Amino acid sequence: MAQADRIDDIPRGGPPGVQLSAGGAAFALRSADARSVELLLFDRPDAPRPAAVHALAREAGSDLWRIERPGIGAGQLYGYRVVRADGARHWVLDPCARAVTFGGRAWGDRTGLRAGRTPQRGARFPKAAVVDDAFDWADDAPPRTPWRDTVIYEVSIRSFTRGPGAGVRHPGTYEGLVERIPYLRDLGVTAVELMPVHEFNELEFFGEGGPRRRLLNAWGYSTLGFLAPMARFAADPDPLAAVRAFKQMVKALHAAGIEVILDVVYNHTGEGGAEGPVYHLKALDPAAYYHFESDGRTHFNATGCGNTLRANDPLAIELIVESLAVWTRTMRVDGFRFDLATALTRGDDGAPMARPPLLDRIAADPRLRGVKLIAEPWDAHGHLQVGHFPAPDWAEWNDRFRDDVRAFWTGARGRLGRFATRLAGSADLYDHDGRGPLTGINYVACHDGFTLGDLVRYTRKHNAANAEDNRDGASHNFSVNHGVEGDTDDPAVEAARLRHMKNLAASLFLAQGVPMIAAGDEFARTQQGNNNAYAQDNAIGWLDWSFLERYRELHDFVRALIAFRRAHPALRRDRFFAGAIDGGTDGDILWFGPDGHTPDWEGGRALACRIDGSARHTDAPADGSALFLAFNAGRAPARFRLPSAPSGWTLAWATETPAPRLDAASEMLALGPTACAALVEAPERARRHR
């Protein structure tokens, strides 16, 4: 943030928040409902009372309250006291705070809190800190990885390095992730998608009493500070230290060629429903910031978290867009994944809009140009927008890919056609409005649901630890335990599980679209059957790095898959396949059943395809190699007749052990049950120069 020479040089009428100058700071807070607003200045994080109080003045013809104070610099702690027109009085956390502290405590410190009551003032009420954006970015350069080359790694700052074997000096922190960058680079991922790092209260369940009071919000989907990095994800809990640590993490990731995408939660806040705590928006302008039911008191809950932000109101738009701009401009993140993004499309009546003003504002803001934008295109109120999110330039999480690929590898009949559609980039979802296969963010597992390892260990969820009587979390997971529920040392069961995980991973990295894996899935991490581990800040939710050695074969296979994808641009197309796709002899992709003819789309469990790798079929640089991909989800072996290949076919890899038999003389590939394989046809010129 550039500083003005004097307080008087700071322009009026700007966005709310704090603007620093050489002589002090200007504080601005937006509230139409306030009768009076006071600035509270604190001299330490745990101070129960302010050291100084100053009245703000309301700007003429505006709902912006403002004050300028000389002698204030970075690190000054502050808050507001608001008296509403109805006489209600609240301490208020600045919703535009750039740094936040909860009394200076470390992660999970319950000292001073009492069950049944969330403190709203005093030592434990969150305080904001004034931030100076000075930071030595040196030669930092965003990688700007094209979508077609992007491989996303979804990771929680807390769980990634908090568990056993992480081998870092500062477990569960930004600094801990930095120590693991060599691992990420070696794996081959190009972007980390960080689960929420906006300031939140991990102790939000403490006031409920009962068994849930011992749980911590480990995922962070409960935003309190839209512009502030989570202070307790830093080794030093001082809020300014968190800002520095986050920037240092981004700088280090960029130096390794890895982009930073934030999972952002603008659909609701940590204030909960009508009985929930009051931190800021409820005290400032609840009717402007939140959707309500017809009674005007009950929060409309399209998020499953107690409230829904009225994202297309001008006040909410201002808050969200300014938040995005701060994270891109001063924290240098490369993209955003919008949690429950359908909630952000709802208008004043709560119904989704065809042209949401928020999305138009994001598209028009020059500060956000070139930033990766990803929608989770649904919300908890049952409205799905997969393939039809009203922002054609955004990418979308593709849950259809997840379900159809999982179902295919369970051996379910009638899934062959859906599986092929997902491999080909989901044209049924995205082939309209100028979109392409890179619109879809493909995944078979993410934070929400079973891990990849638990998909093959459990047939049902085991969420008792969440203290919700196992009612939470999805009940239909397309999972198979291979004969034993949970962990086992049976070598036959373990071999079947390993092959199943390899099949799922191979399907992900062979498919058109953008692949995403969840942290630890490359070494079969487990959550002990919990498919909704949002509150498990313990061995259930943490990565156990000892699994890296136990499942080294899976890790090395995933690493090889990422390299294989990178080596073959035919797997990273900008456009959908063209030409014959079923029974033809010329086209970008040709589909075959095991006999070399049209697949049995209705009842079959095996198919193969030949993908043309020549330059005329892709916008990506082409190496000329054609690919033959074979998939057998049946319980019996399948013999695939290979298409003609003047240069011959070479087996690149397979998920079965030992490797399947490739009979060049008879042009047949014998693939075992529940397995897949990739063959490469070298271009003629490469064959001549061997």
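The values are calculated or read from the model by the stated rules, or taken from the named source; none is laboratory data. What you are looking at is a predicted structure, and each value in this text was computed from that prediction instead of being measured. Note: ideal-geometry Cβ built from the backbone for every residue, glycine included; neighbour counts use all protein chains shown.
Surrounded by fewer than 22 Cβ atoms within 10 Å (Cβ to Cβ) and either more than 30 Å from G370 (Cα to Cα) or aromatic (F, W, Y) (or both), is that true of E271?
No.
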Open item on the list: Return the residues of the stretch 197-206 that are surrounded by fewer than 24 Cβ atoms within 10 Å (Cβ to Cβ) and more than 14 Å from W107 (Cβ to Cβ); say none if nothing qualifies.
Closed with: F205
Task: Within the stretch 174-229, tally of residues that are hydroxyl-bearing (S, T, Y) and touching a Ser or Thr at 6+ places or on another chain (Cβ under 7 Å) - done: 2
TODO: Go through (1) more than 20 Å from the chain's Cα centre (by Cα); (2) surrounded by fewer than 23 Cβ atoms within 10 Å (Cβ to Cβ) and name the single condition L284 misses.
DONE: (2)
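Every residue in the stretch 460-473 that is assigned to a loop (DSSP other than H, G, I, E, B), out of contact with any Asp or Glu (no Cβ under 6 Å at 6 or more places or on another chain) and surrounded by 13 or more Cβ atoms within 10 Å (Cβ to Cβ), please. Spell out how you get there, then give the answer.
Within the stretch 460-473, the first condition is being assigned to a loop (DSSP other than H, G, I, E, B), and the residues that meet it are 460-463, 467-473.
With the extra rule that they be out of contact with any Asp or Glu (no Cβ under 6 Å at 6 or more places or on another chain), the set shrinks to 460-462, 467-473.
Of everything in the stretch 460-473, those that are assigned to a loop (DSSP other than H, G, I, E, B), out of contact with any Asp or Glu (no Cβ under 6 Å at 6 or more places or on another chain) and surrounded by 13 or more Cβ atoms within 10 Å (Cβ to Cβ) turn out to be R460, K461, H462, A467, E468, N470, D472, G473.
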Task: Among (1) of a type outside the set (S, T, Y); (2) assigned to a strand (DSSP E or B); (3) surrounded by fewer than 22 Cβ atoms within 10 Å (Cβ to Cβ) - the single one A128 does not satisfy - done: (3)
TODO: Only residues that are under 24 Å from S614 (Cα atoms) and outside any strand (DSSP E or B): list them for the stretch 635-683, please.
DONE: L642, P643, S644, A645, P646, S647, G648, A664, E667, A682, P683
Open item on the list: Within the stretch 482-489, does at least one residue satisfy the condition of being closer than 18 Å to E522 by Cα and not small (G, A, S)?
Closed with: yes
Task: Test for G306: is it within 22 Å of the chain's Cα centre (by Cα) and over 22 Å from I152 (Cβ atoms) - done: yes
TODO: Considering each residue of the stretch 317-348, count those that are of a type in the set (V, I, T), crowded, with 19+ Cβ neighbours inside 10 Å and either assigned to a loop (DSSP other than H, G, I, E, B) or under 17 Å from the mean Cα position of the chain (by Cα) (or both), and give that number.
DONE: 3
Task: Criterion violated by V53 - all others in (1) modelled with pLDDT of 95 or more; (2) under 36 Å from the mean Cα position of the chain (by Cα); (3) of a type outside the set (S, T, N, Q) satisfied - done: (2)
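Here is a yes/no grid of residues against (1) under 18 Å from V130 (Cα atoms); (2) of a type outside the set (V, I, T); (3) at pLDDT 95 or above:
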site: R12; (1), (2), (3): no, yes, no
site: L40; (1), (2), (3): yes, yes, yes
site: L64; (1), (2), (3): no, yes, yes
site: A74; (1), (2), (3): yes, yes, yes
site: L93; (1), (2), (3): yes, yes, yes
site: R105; (1), (2), (3): no, yes, no
site: D109; (1), (2), (3): no, yes, no
TODO: Can you work out which of the residues in the stretch 73-114 that are farther than 20 Å from R30 by Cβ and among the aliphatic types (A, V, I, L, M) is surrounded by the most Cβ atoms within 10 Å (Cβ to Cβ)?
DONE: L77
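Could you check, for the stretch 621-643, whether at least one of its residues is among the acidic types (D, E) and modelled with pLDDT under 95?
Checking the stretch 621-643: at least one residue is among the acidic types (D, E) and modelled with pLDDT under 95.
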Open item on the list: I want to confirm something. Restricting to the stretch 289-299 and keeping residues that are part of a loop (DSSP other than H, G, I, E, B) and among the hydroxyl-bearing types (S, T, Y), which single residue is surrounded by the fewest Cβ atoms within 10 Å (Cβ to Cβ)?
Closed with: S294
Open item on the list: Quick check on the stretch 147-170: of everything there that is touching a residue at least 40 places away in the same chain (Cβ under 8 Å) and β-branched (V, I, T), which residue is nearest to F246 (Cα to Cα)?
Closed with: I157
- [ ] Could you tell me whether the stretch 480-495 includes any residue that is outside any loop (DSSP other than H, G, I, E, B) and among the small types (G, A, S)?
- [x] yes
Task: Search result, residues across the stretch 229-242 that are farther than 17 Å from N201 by Cα and buried (at least 24 other Cβ atoms within 10 Å of the Cβ) - done: none
Open item on the list: As an exercise: evaluate E553 against (1) crowded, with 17+ Cβ neighbours inside 10 Å; (2) touching a helix residue (DSSP H, G or I) at 6+ places or on another chain (Cβ under 8 Å) and give the number of the one condition it does not meet.
Closed with: (1)
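Go over the candidates T488, T451, T526 one by one and state the one that is buried (at least 20 other Cβ atoms within 10 Å of the Cβ), of a type in the set (V, I, T), modelled with pLDDT of 95 or more and farther than 29 Å from L629 by Cα. Spell out the reasoning first.
Values: T488 fails: buried (at least 20 other Cβ atoms within 10 Å of the Cβ); T451 fails: farther than 29 Å from L629 by Cα.
Unique residue meeting the criteria: T526.
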- [ ] Kindly indicate which of A533, A519, A570 is surrounded by 18 or more Cβ atoms within 10 Å (Cβ to Cβ), touching a Ser or Thr at 6+ places or on another chain (Cβ under 8 Å), aliphatic (A, V, I, L, M) and touching a residue at least 60 places away in the same chain (Cβ under 8 Å).
- [x] A519
Open item on the list: Looking at the stretch 302-316 only, could you name the residues that are under 19 Å from F200 (Cβ atoms) and part of a loop (DSSP other than H, G, I, E, B)?
Closed with: T303, G304, C305, G306, N307, T308, A311
Task: Qualifying residues in the stretch 150-182 (those that are loosely packed, with under 15 Cβ neighbours inside 10 Å and touching a helix residue (DSSP H, G or I) at 6+ places or on another chain (Cβ under 9 Å)) - the one farthest from A567 (Cα to Cα) - done: R169
